[in-house]
Amino acid sequence: MPDETTPVPGESHDDNRDDNRDDNPYAPPAPQQPAAPQPPPAPQPPPPYGQPPAYGQPPTYGQPPAYGQPPAYGQPPQYGQPPAYGQQYGQQQYASYATTPGKAIGVLICGIASIVLSFFCGVGVIPGIVAVVLAGGAKREIEESGGRFVGAGVVTAGRICAIVGIVLSVLFVGLIVGLGSMGNMS
């Protein structure tokens with residue numbers, strides 16, 4: 001006869017039900033207690049003045065930049081420093097680039113037009129003269145600008161085109177007159 005403390009196969013005992021739960025991998029899991037809430041991590045102290053924040057830390061706002069560094073994008077200048085003329089607080093300053101004055105471009109356009117129009121009954125003389133007259137003023141304007149304007153080469157190219165256009169116009173008109181006078185001789 002089996003001992004009462006040993007379980008008999010096929011029989012169900014209430015005492016052994018809890019003991020078999022640990023041994024049975026297919027038994028439902030035991031109910032667990034909810035975990036206690038974790039406290040939030042303590043805030044990190046800010047980095048020393050002028051040092052970037054450590055990786056993963058949000059940047060601290062409102063601190064002035066390190067000595068010799070410009071303020072970050074979009075930040076107004078420090079107190080006591082007025083913004084540059086024509087700028088509002090928070091705007092970036094952009095470098096100005098030298099430009100070509102309109103007179104220099106006008107000289108080049110008139111010089112090219114004088115060459116093209118020289119073959120239309122000598123009309124190229126008109127834009128050629130305009131280009132030569134404008135060239136002197138444009139060259140002077142560039143020299144007196146102190147580096148604000150560039151384009152001396154544009155003025156020179158326009159002046160050369162204008163002279164070529166005037167010469168071609170005069171030759172074309174002379175050719176027309178010469179051919180016309182030869183036709184009347186006979």
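Going through the range 139-152 one residue at a time, which ones are part of a helix (DSSP H, G or I) and in contact with a Pro (Cβ under 6 Å, 6 or more places away or on another chain)?
Hit for the range 139-152 is GLU141, nothing else.
Would you check which residues across the range 115-170 are in contact (Cβ under 8 Å) with a residue 40 or more places away in the chain and of a type in the set (Lys, Arg) and list them?
Answer for the range 115-170, where residues must be in contact (Cβ under 8 Å) with a residue 40 or more places away in the chain and of a type in the set (Lys, Arg): ARG148, ARG159.
Which is among the β-branched types (Val, Ile, Thr), exposed (fewer than 15 other Cβ atoms within 10 Å of the Cβ), assigned to a helix (DSSP H, G or I) and modelled with pLDDT of 85 or more, of VAL173, VAL155, VAL133?
Unique residue meeting the criteria: VAL133.
The values are calculated or read from the model by the stated rules, or taken from the named source; none is laboratory data. The model shown is predicted, which means the values in this text are computed figures rather than measured ones. Heads up, the Cβs are rebuilt from the backbone with ideal geometry, glycines too, and the neighbour counts pull from every protein chain shown.
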